1. Please tell me if residue 151 is in contact with a strand residue (DSSP E or B) (Cβ under 9 Å, 6 or more places away or on another chain) and assigned to a loop (DSSP other than H, G, I, E, B).
2. So which residues in region 102-113 are buried (at least 21 other Cβ atoms within 10 Å of the Cβ) and in a strand (DSSP E or B), if there are any at all?
3. Check region 48-66 and report whether any residue there is surrounded by 17 or more Cβ atoms within 10 Å (Cβ to Cβ), modelled with pLDDT under 90 and in contact with a helix residue (DSSP H, G or I) (Cβ under 7 Å, 6 or more places away or on another chain).
4. Suppose we keep only residues that are under 14 Å from the mean Cα position of the chain (by Cα) and touching a residue at least 40 places away in the same chain (Cβ under 8 Å) within region 114-129. Which one would you say is surrounded by the fewest Cβ atoms within 10 Å (Cβ to Cβ)?
5. Quick one: which residue in 160, 136 is over 23 Å from residue 12 (Cα atoms) and within 12 Å of the chain's Cα centre (by Cα)?
6. Taking only region 146-171 into account, find how many residues are surrounded by 15 or more Cβ atoms within 10 Å (Cβ to Cβ) and either modelled with pLDDT of 95 or more or within 14 Å of residue 105 (Cα to Cα) (or both).
7. Return only the number of the condition from (1) at pLDDT 95 or above; (2) touching a helix residue (DSSP H, G or I) at 6+ places or on another chain (Cβ under 9 Å) that residue 12 does not satisfy.
8. Looking at 111, 145 in this structure, which one is closer than 19 Å to residue 41 by Cβ and under 12 Å from the mean Cα position of the chain (by Cα)?
């Protein structure tokens, strides 16, 4: 599977992250029936979100080298987190297969992943991340979540934009 799974060193923040997501829930998804926040959760100046986004940003070069352009090992490309939102899936809730083109990368950080929670499906492969782990993958890959069988599956998802700058190789 073409993705990176990594543990977040500040998993202790998950309870605070859950409360932030719960407080910012606005409506249901267009492609499913879980509850979600607005797309700009990373721009609200929330300490725990900001710390997580900074940690994710530290993985851009690794993700580029391992997932997007392996023939340019050790190259540096400029990226930024364009959008970030929280989701809570309860029993019977999921999201249909979709992708995030034209973004370069997408991520899902697992705030709560109770035993029996529905896995993430990426290109027909099921991934069962643990609470406190992030999955980073190319945005073009189809992904979704089958109907969840328990209450309380919670994650933060987002899209990473490639910035076409002169500092990028070949740019």
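The values are calculated or read from the model by the stated rules, or taken from the named source; none is laboratory data. Model, not experiment: these values are computed from the prediction. When we count neighbours, we look across all protein chains shown, and the Cβ atoms used for this are built from the backbone with ideal geometry, even at glycine.
1. Numbers: in contact with a strand residue (DSSP E or B) (Cβ under 9 Å, 6 or more places away or on another chain): yes; assigned to a loop (DSSP other than H, G, I, E, B): yes.
For residue 151, the condition - in contact with a strand residue (DSSP E or B) (Cβ under 9 Å, 6 or more places away or on another chain) and assigned to a loop (DSSP other than H, G, I, E, B) - is met.
2. 105, 106, 107, 108, 109, 110, 111 - these are the residues of region 102-113 that are buried (at least 21 other Cβ atoms within 10 Å of the Cβ) and in a strand (DSSP E or B).
3. Among the residues of region 48-66, not one is surrounded by 17 or more Cβ atoms within 10 Å (Cβ to Cβ), modelled with pLDDT under 90 and in contact with a helix residue (DSSP H, G or I) (Cβ under 7 Å, 6 or more places away or on another chain), which makes the answer no.
4. Within region 114-129, the match that is surrounded by the fewest Cβ atoms within 10 Å (Cβ to Cβ) is 127.
5. Numbers: 136 fails: over 23 Å from residue 12 (Cα atoms).
Being over 23 Å from residue 12 (Cα atoms) and within 12 Å of the chain's Cα centre (by Cα) holds for just one of 160, 136, which is 160.
6. Adding up the residues that qualify gives 10.
7. Just one mismatch for residue 12, condition (2).
8. On the way: 145 fails: under 12 Å from the mean Cα position of the chain (by Cα).
Answer to the selection: 111.
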